[in-house]
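Reading through the structure tokens given below for one structure.
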Amino acid sequence: MSLALIGGPVILAVVAGSVFAAEGRDQHRPLQKQEAAAQPAAARKPDPNCTLLVPDNPLTASGLATPYRLVATDSAQGPCHEANPDQSAFVEAAIVTPSGKLTVYNPLVIDKGTRPAARTARPSVPRGSTVGIWFGFNSSNLTLRTSGRSDSLAQGKCVNGLPGSVFGQFAYCNAPAFFRAANAQIAKRHLRVPALGTAKDGLPCPTTRDFSVVDQDGSDNVVTHYLTDAHGRIAQNNAAGRAALKKAARLTNRGDRHHWHNGRSKSATTSAPRDLANGSDNLLLTQFMDPALGCKPFTAPDQSGDGRATSALALDELSAAADQKAPIALVPRNDPMTLVDGRSSVAKTDAYRTGVDMPAVGAGADGDGAAFCATLFRDPAGVQRVFKDKALFEKAPSPDPAMAPNLFGFLAARANQTFTNLGCDRLLGAADPVVLTTNADGLVTDAVLTTLGRTPSSAAPTTGTSPSVSPSTPSAGTSAGPTAAATSRSSASASWSPKAQQSHGGHRSGS
């Protein structure tokens, strides 16, 4: 999922496509040089493999307030820039106190050699608290590396996958300890997980372990938002960050010699801060599907976001563990992020599950890829629910208007690709049951779900006037319908899912 966001924390705009106290020498670099260093390379495709330098003592208040720094895993493949939404990495922490108080804090990520646009918020981590940290990435392979001054990965009990085989877009630090502490507080009734409630379709509100929500890699990525501007400056998504970026824009505007400041127009260099978001199942559920279904996610105060209520991966998993009824979508062994050299791995699947509070792979069909595919595409609790709720989702905004004009089209395209990316065609010996209708601009305007194992039929073409936009710059306003519809089994958009080919597992990954 690739979002272009502007203004406040979750104000969505049309999609454009799919670093705390640094070392002393970095903090004092001239801002102009910093900005130049942060600019994405326009001449080449962005490097899909980036590394995060984890600060010292990452589980402490000081460590949380220290920026993670983004670098290229292999500099020969090109640079990595946090401000490039195709390379952005995200960090999300959850803190539970001995009394059961739960808060969220989003540590910042900046390019190595730069400094934050604003001072990071100082979190409160009371004595005896337990901190868990999760990571998300908008490209293929994110590698965690120690900051160099100490073994910060060991300090944080960080898990990036198996030796020589990273998960991909996902990683975590101290997650098992956090979930043990949170579950102990839940058992003592010091921490309350709100009930799911009932959706507009009469069914329980979905969770991240609901088969109507999951795709090829469930429980992946985070809900973190950062702020950035046209010069690559990065700040936490709070009032201080917005003020700092607006001030920087005004200063840049003053130096614009090519513009007459007549009070009636703005300089081309002046722009509102943009919101960087991580394409995730969690964001899709809590900010798109939940509102469409009349549901509300589990939230907690965000210490890095002026105390406003926010969802988070850890909260979503606590909610799913507490209330998700069968069938329960646990990470299967054919999840692309749990493969090792293209083959399934129980050890890597268990390592992933541990980070999201799921039980280890057990006996029977648990973890079996074919069983997972069959439930996802055959059970009424799976993709069938998406099609049952078509009318609700068609009225909801699309997470990626470059893929589909509404949420239903987006979810249908996502399901279509999930069938292939999980290898369900091979495992079940069946054709993809989700058939898409696209217009002349490649937007998914309709879809049908056929019975698994039967010959799929085309979705009925809609009629109307084709939008007068270039296929390379699709608009959200395309609901009038195409003049020429076509069924499609390929990606409707590369900006959300799947993302770039991953070298360690030979798979394509996305939200």
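Coordinate-derived values only; no laboratory data. Since we're looking at a predicted model, the values are computed, not measured. FYI the Cβ positions are ideal-geometry reconstructions off the backbone, even for glycines, and counts take in every protein chain you see.
Within 10 Å of each residue's Cβ, count the other Cβ atoms and sort 298, 137 from fewest upward. Present the calculation step by step, with values, prior to reporting the outcome.
Working: 298 24, 137 31.
Fewest-to-most Cβ neighbours within 10 Å comes out as 298, 137.
Just subtract the alpha-carbon distance of residue 45 and residue 151 from 0.36 nm times their residue separation and send over the number in nm, one decimal.
Values: separation 106, 0.36 × 106 = 38.16 nm, distance 3.26 nm.
Contour length minus Cα-Cα distance gives 34.9 nm.
Taking 0.36 nm per residue of sequence separation and subtracting the Cα-Cα distance, how much length would be gained by fully extending the chain between residue 180 and residue 247, in nm to one decimal? Kindly include the intermediate steps, with their values, before the conclusion.
Working: separation 67, 0.36 × 67 = 24.12 nm, distance 4.34 nm.
Fully extending the segment from residue 180 to residue 247 adds 19.8 nm.
Under a crude label model (7 Å from the Cα following the beta-carbon direction), how far is residue 198 from residue 326 in nanometres?
Taking the two extended label points, one gets 2.3 nm.
If you rank 190, 225, 231 by fewest surrounding Cβ atoms within 10 Å, what's the result?
Details: 190 16, 225 25, 231 20.
Listing 190, 225, 231 from fewest to most nearby Cβ atoms yields 190, 231, 225.
Neighbouring Cβ atoms within 10 Å as the yardstick, rank 346, 444 fewest first. List each step's numbers first, then the result.
Numbers: 346 12, 444 26.
Fewest-to-most ranking of 346, 444: 346, 444.
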